[in-house]
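K.L.:
One structure coming up, written as structure tokens, with questions to follow.
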Amino acid sequence: MNACVASFAVSCNAEDRTGVNTLQSEAKLNRFLADVEKRALRIAEINIRDRDEALDLVQDAMIKLARNYADRPASEWTPLFYRILQNRIRDWQRRQAVRNRVMVWFGKGNEDQDYDPVAAAPDLAGRAPDEELQTREAMQNLEAAIAELPARQREAFMLRMFEGLDVAGTAVAMGCGEGSVKTHYSRAVHSLRETLGEHWQ
Amino acid sequence: MNERNDVTAEDEFAEKAKQLFDESVDGLDGETLSRLNRSRHAALAELDKGRAAWIRWAPATGVAAAAVMAVIVWTGVPGVDDLSAPAVVTDMEILLTEDSLEMLEDLEFYSWIEFSEDTDEALEPANNVG
């Protein structure tokens, strides 16, 4: 009988400890997602130029990270999260390309043109109107130039520049080697500077 | 010299691009932030689902393990001859009683009685013939 009680007690203690650990990891994941979600949304939005779709992609990436990778070390979450998000973005762009081809075949226009960068522009409160206008224009120009980059250069640039991932983390997120990351990033910066010109700076 | 200027210009470009991006992140509207918040909680609910499944089965698993342990403790380890221990105890009791020791001393006498009884039983049917 004592063995039975002892065994059950051990089971309950293990359960309590596991419960505490789970709550801690949930809080940690919550903090991570809260920290990364806004930048991730803007990165997705700049890629696909549609805020609603970008929100859906970010939510998908969050759910997949929580479902499949929550037990991985927190230091791995950022590259893993962006790898999931980049895959979602690529899938979305492929589907959109097919959809656009079909639409063109049926004589309908490209719905990407519906994206209004002014409407989607952030609300820059507390600024003088002319300064706010300049900032919005500069960001719109940057977004437009980024959109013109080849996909891999775009990914490397945004992960390194906007998310602040190092070369190794970017390589994990992009699923390629560190040398490729350096090459894509360097070419992206060079291309953007040429496109935007000196006046942008 | 040109290379140094180029690096400086590149740094300035990077700084401005990062600053613009950060401002656009900070300027996200309330509705968007609310949707992000809901998305995050939907993701965290996935953790609860996994944990709920584990917790649902944990008590049953614990009770089952305890029951198996109890059965093992009370019935002994399977594979051991269950009769061997009581049989040894019985033999020892017989050997240690005084009567048994006396019986051992007259063992030849009891053997002779048993033999003669068997012989009588064997001869009886032959004697009854006729």
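K.L.:
Kindly flag which residue pairs out of A:LYS64/B:LYS16; A:LYS38/A:LYS64; A:LYS64/A:LYS182; A:LYS28/B:LYS16; A:LYS64/B:LYS18; A:LYS38/B:LYS16 have an alpha-carbon separation exceeding 24 Å in this structure.
P.N.:
Numbers: A:LYS64/B:LYS16 33 Å; A:LYS38/A:LYS64 17 Å; A:LYS64/A:LYS182 28 Å; A:LYS28/B:LYS16 32 Å; A:LYS64/B:LYS18 28 Å; A:LYS38/B:LYS16 19 Å.
In this structure, A:LYS64/B:LYS16; A:LYS64/A:LYS182; A:LYS28/B:LYS16; A:LYS64/B:LYS18 lie more than 24 Å apart at Cα.
K.L.:
Mind giving me the FRET efficiency for A:ASP35 and A:ASP130? R0 is 35 Å, r the Cβ-Cβ distance, nearest 0.05 is fine.
P.N.:
E(calc), rounded to 0.05, equals 0.60.
K.L.:
Short version: ³J(HN,Hα) in whole Hz for each residue of region B:17-34, in order, from phi by Karplus 6.51 cos²θ - 1.76 cosθ + 1.60 (θ = phi - 60°), x for Gly and Pro, what are they?
P.N.:
These are the phi-based 3J(HN,Hα) values: 4, 5, 5, 4, 4, 4, 5, 5, 5, 5, x, 4, 6, x, 5, 5, 4, 5 Hz.
K.L.:
Related question: May I ask you to order B:64-74, A:28-38, A:50-60 by the average number of other C-beta atoms within 10 Å around their residues, highest value first?
P.N.:
Working: B:64-74: 13.7, A:28-38: 17.5, A:50-60: 20.2.
Descending packing order for the listed peptides: A:50-60, A:28-38, B:64-74.
K.L.:
Continuing with the same structure: Considering every residue in A:37-47, what mean count of other chain Cβ atoms within 10 Å of its Cβ is obtained? Don't skip to the answer; put the middle values down first.
P.N.:
Working: counts 9, 9, 4, 2, 7, 7, 2, 0, 3, 2, 0.
Mean number of neighbouring Cβ atoms from other chains: 4.
K.L.:
Could I ask something else about it? Run the quick spin-label model on B:ASP48 and A:ARG99: label points 7 Å from Cα toward the beta carbon, then report their separation in nm to one decimal.
P.N.:
3.1
K.L.:
Using a 7 Å offset from Cα along Cα-Cβ at B:ASP11, what residues in region A:147-187 end up with backbone N under 14 Å from the label point?
P.N.:
Flagged as within label range: none.
K.L.:
Here is a follow-up. Sticking with the crude label model, points 7 Å out along Cα→Cβ, report the distance from A:ASP56 to B:LYS18 in nm, one decimal please.
P.N.:
According to this spin-label approximation, the distance is 3.4 nm.
K.L.:
Tell me the label-point distance for the pair A:ARG72, B:ASP26, using the 7 Å Cα-to-Cβ offset, in nm and rounded to one decimal.
P.N.:
The modelled label-to-label distance comes out at 3.2 nm.
K.L.:
Using r as the Cβ-Cβ distance of A:ALA147 and A:VAL167, and R0 as 30 Å, what FRET efficiency do you calculate, to the nearest 0.05? Write down the numbers at each step before the final one.
P.N.:
Details: r = 24 Å, r/R0 = 0.79.
Efficiency at R0 = 30 Å is approximately 0.80.
Throughout, read-outs are computed from the coordinates displayed, never taken from laboratory work. This one's a predicted model, so the numbers in the text were calculated from it and none came from an experiment. Note that we place each Cβ from the backbone using ideal geometry, even for glycine, and neighbour counts take in every protein chain shown.
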